[in-house]
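> Dropping a structure here in structure tokens format, bear with me for questions.
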Amino acid sequence: MKKTFVLSHPKIKLPRLVEAIKFEVKKYLRRERKKPLPEGADYWDFDCRFGTDKDNAEVIHLGAINQHIDEAEKNELASFYLEILAKPGVKKISD
């Protein structure tokens with residue numbers, strides 16, 4: 001998912017819009033995790049980037065997406081860019 005979310009709508013209020021964005025992200029993650037894993041992979045890992053636009057996006061942790069969306073709402077940003085890319089992950093076995 002590579003998408004710029006707009007935080008304004010003529011009929012939808014901001015808190016409802018933010019909840020809809022969070023639900024869309026959660027739905028995307030759920031859909032990606034249901035896909036069959038490639039051979040040799042143990043789980044789906046995600047590379048995430050967040051910023052005001054595509055050029056200024058910084059790498060973030062998957063668990064921090066909602067915090068960044070809340071921060072964008074609090075800072076009254078007009079829009080923000082969110083990128084989530086799935087990749088196969090392999091568990092590391094430590095001795």
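> Please check: in the Gaussian network model of the chain (C-alpha springs, under 10 Å), which one of 20, 57, 72 has the largest mean-square fluctuation.
Its mean-square fluctuation being the largest, the pick is 20.
> On a 0 to 90 degree scale, rounded to 10, what angle separates helix 65-74 from the longest Cα axis of the chain?
The angle comes out at about 10 degrees.
> Looking at the chain, identify the longest residue range that excludes and avoids all GluC sites (Glu not before Pro) in DSSP loops having at most 14 other Cβ atoms within 10 Å.
Details: sites that count: 39, 76.
Here the longest run is 1-38.
> Calculate the spin-label point distance for residue 27 paired with residue 4, positioning each point 7 Å from the Cα along the beta-carbon direction, and give it in nanometres.
For the pair residue 4/residue 27, the computed spacing is 2.2 nm.
> Once the piece of chain linking residue 20 and residue 54 is laid out straight, how much longer is it, given 0.36 nm per residue of separation minus the C-alpha distance between them? Walk me through the intermediate numbers first.
On the way: separation 34, 0.36 × 34 = 12.24 nm, distance 2.10 nm.
Taking 0.36 nm per residue and subtracting the Cα distance, the gain is 10.1 nm.
> Rounding to the nearest 10 and keeping the result within 0 to 90°, find how far the Cα-based axis of helix 14-34 lies from the longest principal axis of the chain.
Around 20 degrees separate the two axes.
> Please identify the trypsin sites (Lys or Arg not before Pro) of the chain that satisfy two criteria: DSSP loop assignment and at most 13 other Cβ atoms within 10 Å. Which are they?
For trypsin sites (Lys or Arg not before Pro) across the chain that sit outside H, G, I, E and B with at most 13 neighbouring Cβ atoms in 10 Å, the list reads 11, 13, 91, 92.
> Just one of (i) 52, 24, 22; (ii) 53, 34, 21; (iii) 62, 23, 21 is Cα extents along the principal axes in Å calculated from these coordinates, so which is it?
Calculated Cα extents along the principal axes in Å: the matching label is (i).
Any read-out appearing in this document is the output of simple, stated calculations on the displayed coordinates, not a laboratory observation. Here the structure is a predicted model, which is why all the values come from computation and not from measurement. Here Cβ is always computed from backbone atoms with ideal geometry, including for glycine, and neighbour counts include all displayed protein chains.
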